[in-house]
Amino acid sequence: MVYTVTLNPALDYVMRCDYVGSEDINRAKSAEILLGGKGINVSVVLSRLGIPTKAIALAAGFTGHELERLVQAEGIETEFVYLEHGTTRINVKLFAQEQFDVNAPGPEVTDRDIEALFAVLDKLEEGDVLVLAGAVPGSCPEDIYERILKRLDGRGIKFVVDTTGEGLLKVLPYKPFLIKPNHHEISELFHDDVKSTDVEKIEKYARKLQEMGAVNVLVSRGSKGATLVDETGAVNSEGIAKGNAINNVGCGDSMVAGFVAGYETKHDYRYALKLGSAAGGASAFNDGLAPGEQIWEVYHNCFED
Ligand SMILES: Nc1ncnc2c1ncn2[C@@H]1O[C@H](COP(=O)(O)OP(=O)(O)OP(=O)(O)O)[C@@H](O)[C@H]1O
Ligand SMILES: [Mg+2]
């Protein structure tokens, strides 16, 4: 089973208006509520690719229950940990003459909540995959990812960590199976200006991250593709799928899901990179996360050998 953890999930309230100003009441032409959160995104794309997944999240209040209902409606198993206080946040995405995004702070997380999360994670078994995705919110202990890996270390669980900065560096000694920084995150980690086309530098820093403990390093390079340095030391790059890109939110999460789906089905890193690239690309061509059929279509048209 592939488990995902989302520490700070959200409902997204998406409204579309012709124009937004302060002169009068603004009226939206449409409004919809969508699920949000990076781990949850990974579960959605895994499930659309036919991989069984369970979404674990720290949720709270009525919005937390609605989020859990939406995730289940995608056919995904859930194990939400309900916090002692607060409500799961609602982030507002307003499309008008410009795009306005307002993200709310998450609810407070207590030590008891963290213990409840650990109790859920303790049930994972050998062979399971655990995906930790997203920045650690200010409401959680900043070393939480490290504490999770330390607690589950040595149990034959494959860890996938998609986060940045210190949070990423601190998990490396626990030998995560996969990390997926983008080139901006690589720049930040190594205090260097790394461009999306600078594959030599990316390879050098990916190898450094392997020396620090990562087993496989997948560096996504936005509209320039992705480079994988795998555990055998082989370097493979893929370009991007051709299409009309209208979105860059969730492309990285889709890539993580596609990679994990590919690896779990064929145990082949090149195939995993290709399916990850197809999933990232398909989500770039969509308003939100791509449907499964479209990911396969992009895979067959652009990445199949
Ligand atoms: N414009 C695009 N056209 C085609 N494919 C794209 C495009 N943008 C991204 N992708 C695909 O998605 C992958 C991941 O994108 P990106 O590097 O932007 O991830 P990210 O920065 O981690 O995104 P996020 O964290 O917001 O989900 C890329 O490596 C590429 O394969
Ligand atoms: Mg990312």
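One residue stands out in region 113-150 among those that are surrounded by 14 or more Cβ atoms within 10 Å (Cβ to Cβ) and farther than 27 Å from ASN103 by Cα: the one that is nearest to the chain's Cα centre (by Cα), namely VAL129. Residue count for region 23-67 under the criterion of being without any contact (Cβ under 8 Å) to a residue 12 or more places away in the chain and among the aliphatic types (A, V, I, L, M): the result is 1. Number of residues in region 151-164 that are surrounded by 14 or more Cβ atoms within 10 Å (Cβ to Cβ), over 14 Å from the mean Cα position of the chain (by Cα) and either within 21 Å of PHE259 (Cα to Cα) or at pLDDT below 95 (or both): the value is 2. I'd like the residue in region 94-148 that is in contact with a Gly (Cβ under 6 Å, 6 or more places away or on another chain) and among the hydroxyl-bearing types (Ser, Thr, Tyr) and, out of all such residues, is nearest to ASP162 (Cα to Cα). Ranking the candidates gives TYR145 first.
If a residue has to be in contact with a Ser or Thr (Cβ under 9 Å, 6 or more places away or on another chain) and either of a type in the set (Gly, Ala, Ser) or within 16 Å of ligand 1 (Cβ to nearest atom) (or both) to count, how many in region 166-200 make the cut?
13
A single member of VAL71, VAL81, VAL92 is outside any helix (DSSP H, G or I) and either closer than 20 Å to ILE114 by Cα or touching a helix residue (DSSP H, G or I) at 6+ places or on another chain (Cβ under 7 Å) (or both), and it is VAL81. The residues in region 191-204 that are within 16 Å of ligand 2 (Cβ to nearest atom) and either among the aromatic types (Phe, Trp, Tyr) or not in a loop (DSSP other than H, G, I, E, B) (or both) can be counted, and the count is 1.
If the condition is being within 11 Å of ligand 2 (Cβ to nearest atom), of a type in the set (D, E, K, R) and assigned to a helix (DSSP H, G or I), then region 173-188 contributes only GLU185. When region 185-209 is filtered for residues that are within 13 Å of SER220 (Cα to Cα) and among the aliphatic types (A, V, I, L, M), the ones remaining, listed by number, are ILE186, VAL194, VAL199, ILE202, ALA206. Any chance region 221-230 includes a residue that's more than 9 Å from ligand 1 (Cβ to nearest atom), aliphatic (A, V, I, L, M) and not in a loop (DSSP other than H, G, I, E, B)? Yes: one or more hits. When THR163 is tested against (1) closer than 19 Å to ILE40 by Cβ; (2) out of contact with any Gly (no Cβ under 7 Å at 6 or more places or on another chain); (3) within 16 Å of ligand 1 (Cβ to nearest atom), just one condition goes unmet, and that condition is (2). For the criterion of being out of contact with any strand residue (DSSP E or B) (no Cβ under 7 Å at 6 or more places or on another chain) and under 28 Å from MET1 (Cβ atoms), GLY239 fails. For residues that are buried (at least 16 other Cβ atoms within 10 Å of the Cβ) and of a type in the set (A, V, I, L, M, F, W, C), scanning just region 216-234, find the one that is farthest from ASN41 (Cα to Cα). Once the filter is applied, the top-ranked residue is VAL229.
The values are calculated or read from the model by the stated rules, or taken from the named source; none is laboratory data. Source: prediction; values computed, not measured. Using ideal geometry, Cβ is built from the backbone for each residue, glycine included, and neighbour counts are taken over all protein chains shown.
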